[in-house]
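Asker: First the structure, then my questions, so here it is.
Every number in this text was worked out from the coordinates using simple rules, so none of it is lab data. Keep in mind it's a predicted model, so treat the numbers as computed, not measured. Glycine also receives a Cβ, built like all others from the backbone with ideal geometry; neighbour counts cover every protein chain displayed.
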Amino acid sequence: MKKAVLLLLALAMITGLCGCGSTAAQATPAPAPTPESTQESVSPAEEASPAEAAAQEPAESGTKALVLFFSRTGEQYQVGVIEKGNTAVVAEMIAEATGADLYEVLPADDHYPMTYKELTDVALQEQRDDARPAHAGELPDMNAYDTVFIGAPVWWGDWPMIMYTVFENTPLAGKTLIPFSTHAGSGLSGFDRSLANQYPDCTVAKGLAIAGTDAQNNPDKVQSSVAGWLGELGF
Ligand SMILES: Cc1cc2nc3c(=O)[nH]c(=O)nc-3n(C[C@H](O)[C@H](O)[C@H](O)COP(=O)(O)O)c2cc1C
């Protein structure tokens, strides 16, 4: 029920945004449908930081971290046409701060429009169809990692559908997963909960939600949020 209400709020927000046409850059973002989710963590994360978890259970595999993300360039909400995606900006900061490897999920056939309104239409149709858009190439060998940061823009109150393709094709059992989003008001939008549903055998740690506008226009603020969050997680 709560999810339905949140989705309706997200739909209302997007519809409002799209209706703004070329003046969207001046529009005031709607209140975040899921503000509380930016502060929440999925239960296992409160019990052990990645470092603590690693100490408790001998690593069955690698001990490195990976930052896996999806992001779009082109026209994005309130930031105009961008050359580096909002989520990519945050992903790079996380990788730099932690020494993690970085991997960008790219569509196999890049059918995503570079204009905002058209992109929202395509993404909504994918969500309605419960689509699994293919990603390009092979993902990295996950045996090398014990911690995977996973980030994406919030699309219609959820992960972009291409991320569900990744989740379903990528076994990650036993690893610590750490979600992050960029958004225009919806916060983490339940990324942590859906990740925990996808990966019941993983620890899902506290996520981070960053406003897309800050990723483009306020890097110092984002850097400080990333550093504080990583500190809480034990990095
Ligand atoms: C298809 C689409 C759907 C979106 N849906 C939402 C949403 O439901 N809630 C929200 O806060 N922002 C939404 N946004 C805004 C993006 O989450 C935000 O601009 C994000 O920072 C874009 O990141 P990127 O440049 O890494 O792709 C949406 C944007 C697009 C393109």
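Asker: Looking at (1) more than 9 Å from the chain's Cα centre (by Cα); (2) part of a strand (DSSP E or B); (3) touching a residue at least 40 places away in the same chain (Cβ under 8 Å), can you tell me which one N143 breaks?
Answerer: Failing condition for N143: (2).
Asker: Looking at (1) over 14 Å from the mean Cα position of the chain (by Cα); (2) within 16 Å of the ligand (Cβ to nearest atom); (3) in contact (Cβ under 8 Å) with a residue 60 or more places away in the chain, which is the one condition that is false for G190?
Answerer: Failing condition for G190: (1).
Asker: Let me ask another. Given the conditions (1) in contact (Cβ under 8 Å) with a residue 40 or more places away in the chain; (2) on the phi < 0 side of the Ramachandran plot; (3) in contact with a Ser or Thr (Cβ under 9 Å, 6 or more places away or on another chain); (4) near the ligand (Cβ under 8 Å from one of its atoms), report the number of the one that L119 does not fulfil.
Answerer: (3)
Asker: W229 passes all but one of (1) under 16 Å from V67 (Cβ atoms); (2) within 16 Å of the ligand (Cβ to nearest atom); (3) without any contact (Cβ under 8 Å) to a residue 60 or more places away in the chain; which number fails?
Answerer: Result: W229 fails condition (2) only.
Asker: Return only the number of the condition from (1) more than 9 Å from the ligand (Cβ to nearest atom); (2) under 15 Å from W159 (Cα atoms) that I94 does not satisfy.
Answerer: (2)
Asker: Another question, then. Among the residues of the range 193-226, what is the count of those that are within 16 Å of the ligand (Cβ to nearest atom), closer than 15 Å to E92 by Cβ and either among the hydrophobic types (A, V, I, L, M, F, W, C) or surrounded by fewer than 24 Cβ atoms within 10 Å (Cβ to Cβ) (or both)?
Answerer: 9
Residue-wise test of (1) at positive phi; (2) surrounded by 23 or more Cβ atoms within 10 Å (Cβ to Cβ); (3) of a type in the set (A, V, I, L, M).
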| position | (1), (2), (3) |
| --- | --- |
| Q127 | no, no, no |
| R132 | no, no, no |
| H135 | no, no, no |
| M142 | no, no, yes |
| W155 | no, yes, no |
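Asker: Being in a loop (DSSP other than H, G, I, E, B) and hydroxyl-bearing (S, T, Y) is the filter here, so list the residues in the range 161-187 that pass it.
Answerer: Listed by number, the residues that qualify are T170, S186.
Asker: Would it be correct to say that G174 is more than 22 Å from D110 (Cα to Cα), away from the ligand (no atom under 14 Å from the Cβ) and in contact (Cβ under 8 Å) with a residue 24 or more places away in the chain?
Answerer: For G174, the condition - more than 22 Å from D110 (Cα to Cα), away from the ligand (no atom under 14 Å from the Cβ) and in contact (Cβ under 8 Å) with a residue 24 or more places away in the chain - is met.
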